[in-house]
Amino acid sequence: MTATLETEVRSSDGPIAAYLRCVERRLRAPRSTRRELTTELADGLFDAAEAYQRAGVPPVLAEARAVRECGPVDTVVAAYRPEVVALQGRRTAALFALSMPVLVLAWGLVWSTKAPGPLPSGRWHLGFLSGLTDWAGLVGGVAAMVAAWAFVISARRAWPVRPVVAGLVALCGASLLLSAGSSTVMEVVNGTEIRQITAGSWPVTALGFLTTALTAWQVVSLWRSAWQALRKDA
């Protein structure tokens, strides 16, 4: 959409602007997704209206005809639902594909450079839990990459996207739960060793805050994907 049309669709009270506002309200999706889809819809509507105007139809009537050809709001919203599911799924896949391996590598670097030496006798579970956390994170990242590839294939071959999103939520959710759970247990049962490793290190503290923020972001993204994929009207 050109800058002129972008301004027009947001400021005018014509049939197209009213239609787009109605579609955007009816779409059950994050605001950014709704804006992305309605901007795409506006391109087609304004193109159709401009074609009518070049044929001599008055502007308001031209917009009304373009809206009428587009169809009822309910029909348009229903047609967009699979795309809403796919958009949210792709965002979740991208988040996990990028964040999980990066966090595993970052924490691996911390443990390798800050470890105080061999683990005390009987504390083998520190290494076990650390390894379990890493593997869970890597599995989540790989699952997200596979899902991203599956989204591309499903778009090319017009396959249903809901099973892909459901699989993404299941695998990445299990990975996140196992990774966060084993990390928490590791910190609880090995508190002394963890404090020795992280004491006085602001990079480790910053990485801890980053991990917490990313985990919260991942949980929200997973919930949104699950809600979109499992809705009966999706």
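A few points about this structure:
- Note on E40: accessible area approximately 90 square angstrom, rounded to 10, probe 1.4 Å, nucleic acids and ligands left out.
- Average projection, convex hull of the Cα set of region 30-115: 8.1 square nanometres.
- Rounded to the nearest 10 Å², the accessible area of Y52 at probe 1.4 Å: 50
- Net lengthening on full extension, A174/T205 (0.36 nm per residue, minus Cα-Cα): 8.6 nm
- Sorting F209, F151 by accessible area puts them as F209, F151; the probe is 1.4 Å, largest comes first, and only protein heavy atoms count.
- Exposure of R31 as accessible area (Å², to 10), given a probe of 1.4 Å and all protein chains: 150
- Sequence of I16, I153 from largest to smallest accessible area, 1.4 Å probe: I153, I16
- Derived scalar couplings between HN and Hα for region 38-55 equal 6, 5, 4, 5, 4, 3, x, 5, 5, 4, 5, 5, 5, 5, 5, 5, 5, 7 Hz in order, rounded to whole Hz, by the Karplus curve 6.51 cos²θ - 1.76 cosθ + 1.60 (θ = phi - 60°), x for Gly and Pro.
The values are calculated or read from the model by the stated rules, or taken from the named source; none is laboratory data. Keep in mind that this is a model prediction, so the values were computed, not measured. Ligands, DNA and RNA are stripped out before the accessible areas are found, and what is left, the full protein with its side chains, is counted by its heavy atoms. Shrake-Rupley method; radii C 1.70, N 1.55, O 1.52, S 1.80 Å.
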